[in-house]
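Following: one structure in structure tokens, then a few remarks.
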Amino acid sequence: MAKWTAFPYAGDYAFDVTRVQQNWARLHAGDTEPLPRDVQVLQAWALFHSGEFQQAVDMGLSIGGAGLTVANKAACIYATYLEKKEKTRLDLYMEVARRAEAQAQEDPQNVNAHYWQAYALGRYCQGISVAKALAQGLGSKVKGSLEKVIELQPNHADAHIALGTFHAEVIDKVGSLIGGMTYGARKDTGLKLLQDALKLNFDSAIGMIEYANAMVMLEGDRMMKEATRLYEQAAAATPMDAMERLDVEMARVELAD
């Protein structure tokens, strides 16, 4: 495996097993991942929260089982924020999607197996263009997996974010009529999912960002002032780990532009 781009704020978030355990509820408010009992899995999570994404993937894959969730999350977050080459990014998403799909088939009650399959496929769809992905039937797969997550775990804030974003992007690309008839995408449903996500995890910078984006996609320029307010709130958030720092920095970059 080629060496990955380093997390640019290395050393700012130094996690070990104890610190991960102490802050688990806050760190995993978005994905509701259960606190692992296996110390090795906790060590892999410590690498993830510290921004050592490649090491977290390697360790998670070597452990297997619950370690796969660490590997899948680390690969997705790295691909989304730090990987510069589009082909490598898309390849990473498809690797995660295949791995998580197999994990979900083996353990259908594993909430985050379904979630990371959907997340990876959703990001892949954005990479190849949402319209092209819909034509390939990937959109229905993303939607189905996210709905399964919420069915299994109604408090999964990140799934609410992703599904709300799905509704908004489909309508933005194909319109309300075709979006609703063909893909079951609805404006009110999308906005409510994103609102619910922020009720479940009000500290979520990415929740604020995606809600802002969806409002502009669905309601147009009249929502720009409110969207900017949400971006400012996200940019002012205090990140607890490496992933949250990347979310906050993205908001700051968007505001600067």
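Projected onto their three principal axes, the Cα atoms of the chain cover extents of 50, 40, 35 Å, largest first. So which lysines pass the test for residue 85, namely a Cα distance under 30 Å, with those fewer than 8 places away in the same chain ruled out? Counting by Cα, and skipping residues close in sequence, residue 85 has these lysines nearby: 3, 73, 132, 141, 143, 173. Note on residue 87: aspartates and glutamates with a C-alpha under 14 Å away, same-chain residues under 8 apart excluded, are 95. Using only side-chain charges placed at the Cβ, +1 for Lys and Arg and -1 for Asp and Glu, the dipole size of the range 198-257 relative to its Cα centre rounds to 180 debye.
Which number do you get for Rg(Cα) / (2.2 N^0.38 Å) in the range 1-151? Provide the component values of the computation, followed by the final result.
Details: Rg = 15.2 Å, N = 151, 2.2 N^0.38 = 14.8 Å.
That ratio works out to 1.02.
Only the Cβ atoms of Lys and Arg (+1) and of Asp and Glu (-1) were treated as charged; on that basis the dipole of the chain about its Cα centre amounts to roughly 480 debye.
Please work out, to two decimal places, the log10 of the ratio I(q)/I(0) at q = 0.20 Å⁻¹ from a Debye calculation in which every Cα of the range 96-246 carries one identical scatterer. Ignoring solvent entirely, the Cα scatterers give -1.31.
For the range 117-257, what relative contact order do you get, as a whole percent, if you take Cα pairs closer than 8 Å and at least 6 residues apart? List each step's numbers first, then the result.
On the way: 178 pairs, mean separation 24.3, N = 141.
Relative contact order of the range 117-257: 17 percent.
Along the range 65-76 the Karplus relation, 6.51 cos²θ - 1.76 cosθ + 1.60 evaluated at θ = phi - 60°, assigns HN-Hα couplings of x, 5, x, 5, 5, 4, 4, 5, 5, 4, 5, 5 Hz to successive residues, with x for each Gly and Pro.
Computed from the coordinates by the stated procedures, all read-outs in this text should not be read as laboratory data. Computed from a predicted structure; not experimentally measured. Here Cβ is always computed from backbone atoms with ideal geometry, including for glycine, and neighbour counts include all displayed protein chains.
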